[in-house]
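So the structure is just underneath, and the comments pick up after that.
The values are calculated or read from the model by the stated rules, or taken from the named source; none is laboratory data. What you are looking at is a predicted structure, and each value in this text was computed from that prediction instead of being measured. Note: ideal-geometry Cβ built from the backbone for every residue, glycine included; neighbour counts use all protein chains shown. Quick note on the areas: whole protein, heavy atoms, side chains included, nothing else; ligands and nucleic acids left out. Shrake-Rupley method; radii C 1.70, N 1.55, O 1.52, S 1.80 Å.
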Amino acid sequence: MRILETQGLYKTYGKGETQVQALRSTNVAVQKGEFIAIIGPSGSGKSTMLHMLGGLDYPSGGKVLIDGTDLFSLKEKELSIFRRRKIGFVFQAFNLVPVLSVVENIELPLLLDRAVPDRAYIDEIIHALGLSDRKNHLPTQLSGGQQQRVAIGRALASKPAIILADEPTGNLDTQNSKEVLALLHMSVQKYHQTLIVITHNPEIAAHADRVLRIEDGVVTELEAGGGHAE
Ligand code: ADP
Ligand code: ADP
């Protein structure tokens, strides 16, 4: 089943001499349960694409369809509700709420949606993230790597159909990266989630079902590299 599709999606920033074709007309289709890695040099359009896939930024043209819904035909408020229900975001800037504890930050999207948190699952996430003894700490009392893990927990807590991540292990050491990957892997398997990840980490790309490479705003699909999820 197709969960996400772009149709002639493109993005141009600025005009005249400073115009940048950040993403050129892109048609990709993603099946439910797929794990897609997006790679490419800095400034090639990876974040631009991911932001539009999640409806965080408007395209200059084209469409993003999620479960058949045309994201940019929704009113702003509908779009934000749709995002919260369907998509978990993991970004480099953690966007944690400074006055809320670790567990409160993780549960926040659920509370905003008036949904009942699955306590057992939240505990499982917190345990897997190695944050059991930091549950009631504030973000400022955590290391950068711990804050990143909270952001990942928050993205997973509502069991979203799609997880969009920008360098989810970017600030983590090897051991922490492995643990975060294991958690993501557990989550997508258990809840049949679709995972789209920007990464410079070859180990992540090797585990993906498909690898999309962006260069100068042009998206191409790489041949399967034989990567295999364990
Ligand atoms: P890459 O992910 O290609 O290694 P960078 O690490 O330089 O690139 O930046 C990551 C992404 O974050 C880029 O897409 C950049 O546009 C975006 N970014 C960097 N700084 C800011 C900022 N202050 N506000 C918004 N976006 C930013
Ligand atoms: P990546 O994530 O691969 O590093 P980005 O998607 O952040 O790349 O950026 C793609 C191109 O678009 C870059 O040339 C960048 O400078 C430009 N760009 C990104 N965000 C903006 C913005 N808000 N305004 C103008 N140009 C931008």
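Things to note:
- If the condition is being surrounded by fewer than 21 Cβ atoms within 10 Å (Cβ to Cβ) and touching a residue at least 60 places away in the same chain (Cβ under 8 Å), then the range 190-204 contributes 192, 200.
- Residue match in the range 162-180 (condition: in contact (Cβ under 8 Å) with a residue 60 or more places away in the chain, in contact with a Lys or Arg (Cβ under 8 Å, 6 or more places away or on another chain) and not hydrophobic (A, V, I, L, M, F, W, C)): yes
- Of residues in the range 53-80 being within 30 Å of residue 146 (Cβ to Cβ) and part of a helix (DSSP H, G or I), the one farthest from ligand 1 (Cβ to nearest atom): 80
- The condition (being closer than 27 Å to residue 185 by Cα and under 14 Å from the mean Cα position of the chain (by Cα)) is satisfied by just one residue among 42, 47: 47.
- Residue selected from the range 81-95 under the condition closer than 15 Å to residue 65 by Cα and free of Cβ contacts under 8 Å to residues at least 60 places away in the same chain, by the criterion surrounded by the fewest Cβ atoms within 10 Å (Cβ to Cβ): 82
- Any hit, the range 217-225, residues being more than 25 Å from residue 102 (Cα to Cα), of a type in the set (A, V, I, L, M, F, W, C) and either modelled with pLDDT under 90 or open to solvent by less than 30 Å² (accessible area, probe 1.4 Å) (or both): yes
- Output for the range 42-52, where each listed residue is open to solvent by 40 Å² or more (accessible area, probe 1.4 Å) and within 7 Å of ligand 1 (Cβ to nearest atom): 42, 43, 47
- Criterion (assigned to a helix (DSSP H, G or I) and open to solvent by less than 40 Å² (accessible area, probe 1.4 Å)) met by exactly one of 120, 155: 155
- In the set (1) at pLDDT below 95; (2) among the β-branched types (Val, Ile, Thr); (3) in a loop (DSSP other than H, G, I, E, B), the condition left unmet by residue 99 is number (1).
- If you go through the range 183-199 and keep only what is modelled with pLDDT under 90 and touching a strand residue (DSSP E or B) at 6+ places or on another chain (Cβ under 9 Å), you end up with 184, 185, 187, 188.
- The C-beta contact set for the range 15-34 (first residue at positive phi, second residue open to solvent by 100 Å² or more (accessible area, probe 1.4 Å), distance under 6 angstrom, 6+ apart or interchain) comprises 33/192.
- Scanning the range 106-120 for residues that are of a type in the set (D, E, K, R) and free of Cβ contacts under 8 Å to residues at least 40 places away in the same chain returns 114, 119.
- Looking across the range 167-186, the residues that are under 22 Å from residue 29 (Cα atoms) and within 13 Å of the chain's Cα centre (by Cα) come down to 167, 184.
- Within the range 43-66, the set of residues being in contact (Cβ under 8 Å) with a residue 60 or more places away in the chain, away from ligand 2 (no atom under 15 Å from the Cβ) and closer than 19 Å to residue 155 by Cα comprises just one member, 66.
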